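K.L.:
Sharing a structure here in structure tokens format.
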Amino acid sequence: MNWHTILVAIGANLPGPDGRTPLASCEWSVGQLAELSGLHLRAVSRWYETAPIPAADQPPFVNGVALLSGNADPHGLLDALHGIEAAADRVRTVPNAARTLDLDLIGMDALVCDGRLRLPHPRAMERAFVLVPLCDVAPGWVHPVLLRPASALLPGIHGQPIRALPLPGGAAATK
């Protein structure tokens with residue numbers, strides 16, 4: 001195993017199994033990520049509120065991105081992320097359904113793979129709810145297929161409103 005820089009997108013738009021809010025579920029998941037063996041939580045983006053994509057009649061999402069580093073097998077890490085989702089009562093029904101927690105492995109260094117695990121995540125650079133918080137924690141991360149830094153991809157995101165949630169004791173911003 002090698003030392004990796006790892007990006008994980010976090011999202012939720014349904015209450016958790018214990019009634020916790022989507023934001024609380026996202027914050028809980030960060031604690032779970034921090035406990036993964038061989039990994040170190042380096043940073044967490046601000047939390048953002050976004051509309052479902054594609055547009056749907058469901059509550060808005062809370063989204064963020066965690067930056068981790070350490071030794072990890074990509075497939076083992078994907079399984080661990082699915083285990084955290086399961087602990088939050090994530091039920092997989094149809095694509096893009098409302099969910100109590102969604103953890104997506106966005107990238108691991110410059111690793112590219114296409115199979116059960118697709119890296120980098122195939123739609124991450126088309127989604128404001130991933131790209132904006134990713135730029136909070138890793139603006140210089142270079143997409144290994146597009147060969148462009150994440151910050152250079154931001155201008156390509158259109159028509160996807162995203163609102164930064166207030167920081168404790170602070171005001172929110174809109175992008």
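The values are calculated or read from the model by the stated rules, or taken from the named source; none is laboratory data. Since we're looking at a predicted model, the values are computed, not measured. In this analysis, Cβ positions are derived from the backbone assuming ideal geometry, glycine residues included, and neighbour counts consider all displayed protein chains.
K.L.:
Hey, among the residues in the range 21-39 that are in contact with a helix residue (DSSP H, G or I) (Cβ under 8 Å, 6 or more places away or on another chain) and over 11 Å from Leu101 (Cα atoms), which one's surrounded by the most Cβ atoms within 10 Å (Cβ to Cβ)?
P.N.:
Applying the first criterion (in contact with a helix residue (DSSP H, G or I) (Cβ under 8 Å, 6 or more places away or on another chain)) to the range 21-39 yields 29, 32-33, 36, 39.
From what is left, the residues that are over 11 Å from Leu101 (Cα atoms) are 32-33, 36, 39.
Working: Gln32: 17, Leu33: 23, Leu36: 20, Leu39: 20.
For the range 21-39, the residue satisfying everything is Leu33.
K.L.:
Is it true that Glu49 is modelled with pLDDT under 95, under 17 Å from the mean Cα position of the chain (by Cα) and charged (D, E, K, R)?
P.N.:
So Glu49 does not fit the description; no.
K.L.:
Right, here's the next one. For the range 52-78, give me each residue that is within 11 Å of the chain's Cα centre (by Cα) and β-branched (Val, Ile, Thr).
P.N.:
Selection gives Val62, Val65.
K.L.:
Could you say which residue among Ile10, Ile84 is assigned to a strand (DSSP E or B) and either of a type in the set (Asp, Glu) or at pLDDT 90 or above (or both)?
P.N.:
Ile10
K.L.:
Counting only residues that are touching a Ser or Thr at 6+ places or on another chain (Cβ under 8 Å), farther than 13 Å from Ile10 by Cα and of a type outside the set (Phe, Trp, Tyr), give me the strands (runs of 3 or more DSSP E) lying completely in the range 34-80 with at least 3 of them.
P.N.:
Correct list: 39-44.
K.L.:
With the checklist (1) out of contact with any helix residue (DSSP H, G or I) (no Cβ under 9 Å at 6 or more places or on another chain); (2) surrounded by 14 or more Cβ atoms within 10 Å (Cβ to Cβ) in hand, flag the one item Asp114 doesn't pass.
P.N.:
(2)
K.L.:
Starting from the range 17-30, take each residue that is closer than 21 Å to Leu68 by Cβ and list its partners that are in a loop (DSSP other than H, G, I, E, B) and among the polar types (S, T, N, Q), counting only C-beta distances under 9 angstrom and pairs at least six apart or across chains.
P.N.:
These pairs meet every condition: Ser25/Thr100.
K.L.:
Select, from Arg90, Arg118, the only residue that is free of Cβ contacts under 8 Å to residues at least 40 places away in the same chain, within 17 Å of the chain's Cα centre (by Cα) and over 27 Å from Asp18 (Cα atoms).
P.N.:
Arg118
K.L.:
Further question: Considering only the range 89-144, state which residues are in a loop (DSSP other than H, G, I, E, B), closer than 13 Å to Ile6 by Cβ and small (Gly, Ala, Ser).
P.N.:
Hits for the range 89-144 are Ala110, Ala138.
K.L.:
Checking Ala124 against (1) closer than 11 Å to Tyr48 by Cβ; (2) in contact with a strand residue (DSSP E or B) (Cβ under 7 Å, 6 or more places away or on another chain): exactly one of these is not met. Which one?
P.N.:
(1)
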